[in-house]
């Protein structure tokens with residue numbers, strides 16, 4: 001979607017006029033550029049009882065050359081960024097390209113710049129479909145892409161232009177993450193993810209991507225990733241992202257780590273067949289990392305950031321790892337395997353330990369880790385665990401601002417004790433029962449966050465947060481900004497977290 005801003009001049013093929021509750025007539029500047037006859041029809045419609053301005057209320061007025069839609073957004077005094085964003089997304093979802101593809105939004109009296117930008121952002125985020133494997137008839141193929149012009153009073157234009165361009169740039173990362181998540185596993189497997197990352201980095205002078213293949217993983221003793229991925233003919237890999245690698249030398253910068261299981265059968269602890277088709281989404285943590293780097297690059301962020309994605313396909317075979325196995329990890333710690341379907345934490349054990357070697361300011365990992373998190377929070381929020389309250393608070397606030405809720409969850413000593421109670425290894429990859437499964441999984445990950453010394457020689461863990469996105473990576477039916485499939489969740493949250501510091 002091409003996005004621009006301008007004065008009240010062009011009408012476009014489709015004109016969107018967002019209106020507040022209690023509207024009794026067409027707002028000022030609504031009919032600028034329309035013919036006299038069209039203006040009369042639009043004003044008459046706006047004065048009728050069909051237009052209320054309440055959320056969800058939408059009134060269509062056809063005129064020659066331009067179809068006008070009045071879109072209700074509710075009370076002006078209580079309109080939030082989420083309300084404006086959702087209204088924009090729902091509006092775009094109802095539009096048809098049969099009417100044309102040039103959209104104009106007219107923000108008239110009563111609008112502030114931030115809510116205007118949020119409404120436009122909703123339209124930008126909703127403008128997504130994953131249809132690359134579907135044949136298209138000639139009519140649909142020739143309709144082209146949407147274009148969007150946001151019109152407002154001149155005093156708003158400069159700020160609005162900057163805001164919508166930023167939203168459009170960040171959305172390239174959100175949509176990339178969705179693309180990666182929606183790819184079927186026969187098209188996107190660990191090595192292919194690495195190849196696409198290398199291809200993405202080509203020609204970008206401030207980006208580096210490095211891929212550790214199966215041979216390199218063995219050389220580095222990345223046995224957590226190897227164990228999970230060795231049962232597949234599609235061998236595992238680790239992908240390292242670096243943005244502005246020559247900036248902030250000597251400073252600590254963020255490191256974002258993603259779980260990248262391109263397909264999860266459960267391995268020897270095989271899953272039921274019902275719903276297994278959704279396990280292509282089990283790499284969404286890594287998809288978010290990739291999308292985040294695209295968003296940071298597209299918005300021109302000048303700081304240094306590191307990213308690690310732990311890529312594997314979890315398949316049953318004669319070479320697959322088994323329940324009861326004890327596996328090594330990059331950290332030197334051993335893991336007793338209780339379930340091969342608790343594989344995400346195994347690959348992350350290597351990624352988290354490696355991330356500490358980059359001397360990060362903080363570490364955030366993202367993983368579609370547990371069904372237990374979906375039981376607890378549904379599809380409305382990601383679970384958030386952290387060893388650092390300040391970091392947790394910042395992620396929570398950033399998620400709220402972007403309507404990507406990250407809900408703080410407990411990381412109790414009892415959970416850690418449970419996960420370090422193996423009789424045969426340093427850590428067990430499953431809890432002792434079904435209760436608190438998302439919390440015990442987080443406690444497992446905490447065992448692979450390294451300590452470091454401060455200037456006084458005192459040791460403490462590196463600030464770390466874990467986001468369990470099992471319920472928010474897909475299936476989020478109440479998310480107005482997503483039509484189907486992968487959501488690209490937390491690209492915007494982490495972009496805000498990183499760029500606001």
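The values are calculated or read from the model by the stated rules, or taken from the named source; none is laboratory data. If you're wondering where the values come from, they're calculated on a predicted model, not measured in any experiment. Here the Cβ is made from the backbone with ideal geometry for all residues, glycine too, and neighbour counts use every protein chain on show.
Numerical summary
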{"quantity": "Single residue of 374, 364 found to be touching a residue at least 24 places away in the same chain (Cβ under 8 Å), assigned by TED's automatic domain parsing to the domain that holds residue 263 and closer than 28 Å to residue 221 by Cα", "calculated": "364"}
{"quantity": "Residue in the stretch 474-482 that is modelled with pLDDT of 95 or more and farther than 22 Å from residue 119 by Cα present", "calculated": "yes"}
{"quantity": "Near pairs, Cβ below 6 angstrom, 6+ apart or cross-chain, from the stretch 418-436 (assigned by TED's automatic domain parsing to the domain that holds residue 322) to any residue that is modelled with pLDDT under 95", "calculated": "418/431; 418/432"}
{"quantity": "Residues that are part of a loop (DSSP other than H, G, I, E, B) and over 19 Å from residue 323 (Cβ atoms), drawn from the stretch 262-279", "calculated": "273, 274, 275"}
{"quantity": "Total residues in the stretch 79-110, condition within 28 Å of residue 401 (Cβ to Cβ) and at pLDDT 95 or above", "calculated": "22"}
{"quantity": "Residues that are within 19 Å of residue 238 (Cα to Cα) and without any contact (Cβ under 8 Å) to a residue 24 or more places away in the chain, drawn from the stretch 318-345", "calculated": "332"}
{"quantity": "Test set (1) closer than 24 Å to residue 478 by Cα; (2) crowded, with 21+ Cβ neighbours inside 10 Å; (3) touching a strand residue (DSSP E or B) at 6+ places or on another chain (Cβ under 9 Å) - residue 89 fails condition number", "calculated": "(3)"}
{"quantity": "Test: residue in the stretch 246-267 that is buried (at least 24 other Cβ atoms within 10 Å of the Cβ), in contact with a helix residue (DSSP H, G or I) (Cβ under 8 Å, 6 or more places away or on another chain), in contact (Cβ under 8 Å) with a residue 24 or more places away in the chain and on the phi > 0 side of the Ramachandran plot", "calculated": "yes"}
{"quantity": "Residue in the stretch 6-19 that is nearest to the chain's Cα centre (by Cα), counting only those that are crowded, with 23+ Cβ neighbours inside 10 Å and over 16 Å from residue 100 (Cβ atoms)", "calculated": "18"}
{"quantity": "Flag if residue 410 is modelled with pLDDT of 95 or more, over 19 Å from residue 310 (Cβ atoms) and in the same structural domain as residue 252 (by TED's automatic domain parsing)", "calculated": "yes"}
{"quantity": "Of all residues making up the stretch 141-165, the number that are surrounded by 19 or more Cβ atoms within 10 Å (Cβ to Cβ) and either more than 22 Å from residue 295 (Cα to Cα) or touching a residue at least 60 places away in the same chain (Cβ under 8 Å) (or both)", "calculated": "9"}
{"quantity": "Unique residue being farther than 24 Å from residue 93 by Cβ, touching a residue at least 12 places away in the same chain (Cβ under 8 Å) and either surrounded by fewer than 20 Cβ atoms within 10 Å (Cβ to Cβ) or more than 20 Å from the chain's Cα centre (by Cα) (or both) when the list is 405, 462", "calculated": "462"}
{"quantity": "Residues of the stretch 62-86 that turn out to be crowded, with 18+ Cβ neighbours inside 10 Å and farther than 18 Å from residue 23 by Cα, as a count", "calculated": "6"}
{"quantity": "The lone exception for residue 217 - which of (1) outside any helix (DSSP H, G or I); (2) in contact with a helix residue (DSSP H, G or I) (Cβ under 8 Å, 6 or more places away or on another chain); (3) free of Cβ contacts under 8 Å to residues at least 60 places away in the same chain it fails", "calculated": "(1)"}
{"quantity": "Residue within the stretch 337-344 that is surrounded by 24 or more Cβ atoms within 10 Å (Cβ to Cβ), part of a helix (DSSP H, G or I) and at pLDDT 95 or above present", "calculated": "yes"}
